[in-house]
Structure formats: structure tokens, C-alpha cells
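The values are calculated or read from the model by the stated rules, or taken from the named source; none is laboratory data. What you see is a predicted model, and the numbers here were worked out from it, not measured in a lab. Note that we place each Cβ from the backbone using ideal geometry, even for glycine, and neighbour counts take in every protein chain shown. Calculation scope for accessible area: heavy atoms of the full protein, side chains included, ligands and nucleic acids excluded. Shrake-Rupley method; radii C 1.70, N 1.55, O 1.52, S 1.80 Å.
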Amino acid sequence: MSHYVVIKVGGEVVGSPAIAVIAADIAALQARGERVVVVHGGGAQATAMQRRLGQAPNIVAGRRVTDADALEVIKMVVAA
């Protein structure tokens, strides 16, 4: 059975010096034969879309609290 290592990288990390460290870690995983998938959550895009739709994003301690309406927005954003 094959497996994948899934790494979610947020936008604030992508735009920071930490991305070099993450890239090196991903390269090391691949060098040892791991199958790596990198995904981005789309938080900034979801917040912008919620505001355009008249929704108020509910962020508590830096994490999005997702109700049914917000979930629909998240699905729109990540499926695009």
C-alpha cells in the first residue's frame, strides 16, 4: 500500500523566510522516496469571498470557525 505525506502551507508561511526551510524539508522527504503533496488552505481567498458575499468571517485565535455558510464559501474557493 502506498501512502502520501500531505503538507498544508498557509499564505503567511509562503510569503516568509520559513518557506526555504519547508522547501528543504520537502526535498529531503522526496529524496528518501516519500510521495509529497503540498496544499494551500485558501484562507485569505475565503475571507475575501465571504466579505464580497456579505458574510462576516468568524476568526477565533487565528482559526476560522466554519458554519454552514462559510463551508460553502470554502468549497467554492478551494475547488476553483
Across 5 Å bins beginning at 0, the whole-percent shares of Cα-Cα pair distances in region 13-54 come to 5, 18, 18, 17, 15, 10, 8, 6, 3, 0
So the angle from the long Cα axis of helix 43-52 to the longest Cα principal axis of the chain, reported in degrees to the nearest 10, equals 20
Counting only protein heavy atoms and rolling a 1.4 Å probe, one gets per residue an accessible area for the chain in Å² of 73
The helix 68-79 Cα axis meets the longest alpha-carbon principal axis of the chain at an angle in degrees, between 0 and 90 and rounded to 10, of 40
Ranked output for segments 71-77, 26-32, 45-51 by mean other Cβ atoms within 10 Å, highest leading, reads 45-51, 71-77, 26-32
At q = 0.10, 0.12, 0.18 Å⁻¹, the log10 of I(q)/I(0) for the chain from a Debye sum over equal Cα scatterers comes to -0.34, -0.47, -0.84
Taking protein heavy atoms only, a 1.4 Å probe, and rounding to whole percent, the accessible area of the chain owed to carbon and sulfur comes out at 60
So the angle from the long Cα axis of helix 18-31 to the longest Cα principal axis of the chain, reported in degrees to the nearest 10, equals 50
